[in-house]
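Novice: Sending over a structure as structure tokens; questions will come in a sec.
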Amino acid sequence: MKYVHIKTFGCQMNERDSEIMAQLLANQGFQSCEAPEEADLALVNTCSIRDKAEQKVYSLLGQLRDLQAHCGRPRFIAVAGCVAQQEGERIMDRMPAVSLVMGTQQFYRLPELLARLEGGERRVAALDLSANFVIPAFQKAQKPALAQTAAVQRFVNIMQGCNNFCSYCVVPYTRGREISRPLADILEEVQTLVAQGVQEITLLGQNVNSYGKTNAVADQALRFPDLVRAVAATPGLKRLRFTTSHPKDLDERLMRCFAEVPVLCPHFHLPVQSGSNAVLARMNRGYTAESYLDKVATLRHFRPDITLATDFIVGFPGETEADFTETLRLLETVRFAASFSFKYSDRPQARAASFPDKIAEEVKAERLARLQAVQNAITLDTNRRLTGQTLDVLVESANSVKGQGRTPGNRVVHFQVAPGQELPLPGALVQVRIEQAGPHSLKGTLQKRR
Ligand code: SAH
Ligand code: SF4
Ligand code: F3S
């Protein structure tokens, strides 16, 4: 038996890629292990979205190198993901203990690359960025039949890459051009997962709502709303979500899905980044604060109970106090249920790295704290409005006294199970009466089964 230790940084895309690598290795007789000092292979799947993400990778690689020097394990150290794509062989120059570097579209070759290391090669790099969804080995690696986990919720990749080139962002360089996966492959994967007992599917991509617009692989006439309806028609699927969408590609056809497709959860992550039109233009986002607000209003017209979430960047080059105030105003206008907010960070190759008028670190920190304080108050308030209501909860875990799950709006709910009450198993859809609201979750009591 051989052991692999995998550490994953970054987004759900990386989580899914790590799952695929674990599956590929399992086919080679590898088991996953928690302790790197027991591993034949330590695999670090990296993220490069912000500077801090990259620093974390190098500090972990340093620890693995020291472990290897002391106890000979992990025998091999490999790096995959966005930092691997961006830095390539430089990682092995800086950290010679690393013997394998795989780009974001090469990791499916892991068994073959590992065999080269085992055959005595000291440094192996595979970094080509090409159209993977047309490569049979990659398609095979995506097949969920390899997995067989009893998960309640799973991600299904529908596209890779990004063509948007937001001026701050590294993703178009680390993930390459946008390619949509063929509909038949997506449907087959969803059907297999549902047959395995998966209840909730999240369609995954950097820019899901441009699905089908820019590629040679998917059916040319098929657009994202068509894909949503096709996936939603899978018998047995209880919940459908998708992430992430770009506001410029949000049209009424997609909004209508929230009104017309029953399994589509009323939850939408729609990153706005800033409330200032001058900043949005320099970010190359392709919309204004007004057009974003218009789309939110139309979305709420189609689905009044929709829960909205977003991303913000504070301290983008040249962001004035007035620009930042407009961001706060947008947040207060939309009243997002949740947001992820970040201090702007220069990224290699991204255009904004060369923009003038960089914002001082203290100013960024101060703006971030102000934004988060406003968001926290709004989140708490929107959560409190749910107390007294009875909500549908998809159970993720439970024992005889308590359990946890999520609402259609993606809020985490902790619930109590009364003595003698039927134990809800993971994957069950139950009803919970909400009694208490906190900033990050809701608490309530399980209601009798209908
Ligand atoms: N494709 C998605 C997610 C991109 S990365 C999208 O378009 O929304 C997730 C978030 O990280 C972005 O929405 C943005 O808010 C943040 N981000 C990206 N690059 C950044 C940078 N250079 N500095 C700070 N935050 C960044
Ligand atoms: Fe980055 Fe913009 Fe693409 Fe999102 S849409 S991945 S922020 S370039
Ligand atoms: Fe990070 Fe790459 Fe995802 S930069 S956020 S792991 S696409």
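Novice: crowded, with 18+ Cβ neighbours inside 10 Å, at pLDDT 90 or above and out of contact with any Asp or Glu (no Cβ under 8 Å at 6 or more places or on another chain): is that true of Cys162 in this structure? Working first, answer last.
Specialist: Numbers: crowded, with 18+ Cβ neighbours inside 10 Å: yes; at pLDDT 90 or above: yes; out of contact with any Asp or Glu (no Cβ under 8 Å at 6 or more places or on another chain): no.
Considered against the rule, which asks whether it is crowded, with 18+ Cβ neighbours inside 10 Å, at pLDDT 90 or above and out of contact with any Asp or Glu (no Cβ under 8 Å at 6 or more places or on another chain), Cys162 comes out as no.
Novice: Restricting to the range 48-62, what's the tally of residues that are within 15 Å of Val170 (Cβ to Cβ), of a type outside the set (D, E, K, R) and open to solvent by 20 Å² or more (accessible area, probe 1.4 Å)?
Specialist: 2
Per-residue answers, yes or no, for (1) of a type outside the set (Asp, Glu); (2) part of a loop (DSSP other than H, G, I, E, B):
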{"position": "Pro356", "(1), (2)": "yes, yes"}
{"position": "Glu362", "(1), (2)": "no, no"}
{"position": "Ala365", "(1), (2)": "yes, no"}
{"position": "Leu368", "(1), (2)": "yes, no"}
{"position": "Ala373", "(1), (2)": "yes, no"}
{"position": "Ile378", "(1), (2)": "yes, no"}
{"position": "Gly388", "(1), (2)": "yes, yes"}
{"position": "Gly409", "(1), (2)": "yes, yes"}
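Novice: Identify, by number, the condition in (1) under 28 Å from the mean Cα position of the chain (by Cα); (2) surrounded by 15 or more Cβ atoms within 10 Å (Cβ to Cβ); (3) without any contact (Cβ under 8 Å) to a residue 40 or more places away in the chain that Val417 doesn't meet.
Specialist: Failing condition for Val417: (1).
Novice: If you check Val261 against the conditions, is it assigned by TED's automatic domain parsing to the domain that holds Gln153, among the β-branched types (Val, Ile, Thr) and either closer than 22 Å to Glu326 by Cα or in contact (Cβ under 8 Å) with a residue 12 or more places away in the chain (or both)? Show your work before the answer.
Specialist: Numbers: assigned by TED's automatic domain parsing to the domain that holds Gln153: yes; among the β-branched types (Val, Ile, Thr): yes; either closer than 22 Å to Glu326 by Cα or in contact (Cβ under 8 Å) with a residue 12 or more places away in the chain (or both): yes.
When the stated conditions are applied, Val261 passes them.
Novice: Here is a check on your reading of the model: is Leu423 touching a residue at least 60 places away in the same chain (Cβ under 8 Å) and assigned by TED's automatic domain parsing to the domain that holds Pro439? Give the steps one after another, and end with the answer.
Specialist: On the way: touching a residue at least 60 places away in the same chain (Cβ under 8 Å): no; assigned by TED's automatic domain parsing to the domain that holds Pro439: yes.
Answer is no for this residue.
Novice: Still on this model: For the range 72-131, how many residues meet the condition of being open to solvent by less than 20 Å² (accessible area, probe 1.4 Å) and at positive phi?
Specialist: Number satisfying all stated conditions: 2.
Novice: Let me ask something additional. Can you pull out the residues in the range 48-59 that are away from ligand 1 (no atom under 15 Å from the Cβ) and in contact with a helix residue (DSSP H, G or I) (Cβ under 9 Å, 6 or more places away or on another chain)?
Specialist: Those that are away from ligand 1 (no atom under 15 Å from the Cβ) and in contact with a helix residue (DSSP H, G or I) (Cβ under 9 Å, 6 or more places away or on another chain): Val57, Tyr58.
Novice: Kindly indicate the residue of the range 270-290 that is open to solvent by 40 Å² or more (accessible area, probe 1.4 Å) and in a helix (DSSP H, G or I) and also farthest from ligand 2 (Cβ to nearest atom) among those meeting that condition. So that I can check it myself, show each step before the final result.
Specialist: Taking the range 270-290 as the starting set, the residues that turn out to be open to solvent by 40 Å² or more (accessible area, probe 1.4 Å) are 277-278, 281-282, 284, 286, 288, 290.
Applying the additional criterion that residues be in a helix (DSSP H, G or I) yields 277-278, 281-282, 290.
Working: Asn277: 17, Ala278: 18, Ala281: 14, Arg282: 13, Glu290: 20 Å.
Top of the filtered list is Glu290.
Novice: Further question on the same structure: Within the bounds of the range 180-191, is there any residue that is outside the structural domain of Gly29 (by TED's automatic domain parsing), within 16 Å of ligand 1 (Cβ to nearest atom), among the acidic types (Asp, Glu) and modelled with pLDDT under 95? Walk me through it before giving the result.
Specialist: Step one: of the range 180-191, the residues outside the structural domain of Gly29 (by TED's automatic domain parsing) are 180-191.
Then keep just the ones that are within 16 Å of ligand 1 (Cβ to nearest atom); that gives 180.
Subset that is among the acidic types (Asp, Glu): none.
Scanning the range 180-191 turns up no residue that is outside the structural domain of Gly29 (by TED's automatic domain parsing), within 16 Å of ligand 1 (Cβ to nearest atom), among the acidic types (Asp, Glu) and modelled with pLDDT under 95.
Novice: Is at least one residue of the range 297-306 open to solvent by less than 20 Å² (accessible area, probe 1.4 Å), within 20 Å of Thr244 (Cβ to Cβ) and modelled with pLDDT of 95 or more?
Specialist: yes
Novice: Exactly one condition in (1) within 16 Å of ligand 2 (Cβ to nearest atom); (2) open to solvent by less than 20 Å² (accessible area, probe 1.4 Å) is not met by Leu43; state its number.
Specialist: (1)
Novice: How do the pairs read when you match residues in the range 296-312 that are acidic (Asp, Glu) with residues anywhere that are at pLDDT 95 or above, using Cβ under 6 Å and keeping only pairs 6 or more apart or on different chains?
Specialist: These pairs meet every condition: Asp305/Pro266; Asp311/Pro271; Asp311/Phe340.
Novice: Any chance the range 347-366 includes a residue that's touching a helix residue (DSSP H, G or I) at 6+ places or on another chain (Cβ under 7 Å) and open to solvent by less than 30 Å² (accessible area, probe 1.4 Å)?
Specialist: yes
Novice: Now, a different point. Any idea which residue in the range 196-217 is modelled with the highest pLDDT, counting only those that are more than 30 Å from Val430 (Cα to Cα) and open to solvent by 10 Å² or more (accessible area, probe 1.4 Å)? Walk me through how you get there before you give the answer.
Specialist: Of the residues in the range 196-217, the ones more than 30 Å from Val430 (Cα to Cα) are 206-207, 209-217.
Next, from what is left, pick out any that are open to solvent by 10 Å² or more (accessible area, probe 1.4 Å): 206, 213-217.
Working: Gln206: 94, Lys213: 87, Thr214: 74, Asn215: 65, Ala216: 56, Val217: 57.
Looking at the filtered set, the residue picked out is Gln206.
Novice: Within the range 337-345, can one find any residue that is within 16 Å of ligand 3 (Cβ to nearest atom) and part of a loop (DSSP other than H, G, I, E, B)? Step through it out loud before you land on a result.
Specialist: Here is the first cut: in the range 337-345, the residues within 16 Å of ligand 3 (Cβ to nearest atom) are 340-345.
Checking which are part of a loop (DSSP other than H, G, I, E, B) leaves us with 344-345.
Yes, there is a match, as at least one residue in the range 337-345 is within 16 Å of ligand 3 (Cβ to nearest atom) and part of a loop (DSSP other than H, G, I, E, B).
Novice: Being over 20 Å from the mean Cα position of the chain (by Cα), in the same structural domain as Val194 (by TED's automatic domain parsing) and polar (S, T, N, Q): is that true of Thr234 here? Before you say what the answer is, go through the steps one by one.
Specialist: Numbers: over 20 Å from the mean Cα position of the chain (by Cα): yes; in the same structural domain as Val194 (by TED's automatic domain parsing): yes; polar (S, T, N, Q): yes.
Yes; evaluated as a whole, the condition is true for this residue.
Novice: Suppose the filter is more than 24 Å from the chain's Cα centre (by Cα), assigned to a helix (DSSP H, G or I), more than 16 Å from ligand 1 (Cβ to nearest atom) and among the charged types (D, E, K, R); does Asp323 pass it? Quick ask: steps written out before the conclusion?
Specialist: Numbers: more than 24 Å from the chain's Cα centre (by Cα): yes; assigned to a helix (DSSP H, G or I): yes; more than 16 Å from ligand 1 (Cβ to nearest atom): no; among the charged types (D, E, K, R): yes.
Criteria not met by Asp323.
The values are calculated or read from the model by the stated rules, or taken from the named source; none is laboratory data. This structure is a prediction, so every number in the text was calculated from the model and none was measured. Every residue, glycine among them, receives a Cβ derived from its backbone with ideal geometry; neighbour counts consider all protein chains shown. Keep in mind that these areas ignore ligands, DNA and RNA; they rest on the heavy atoms of the full protein, side chains included. Shrake-Rupley method; radii C 1.70, N 1.55, O 1.52, S 1.80 Å.
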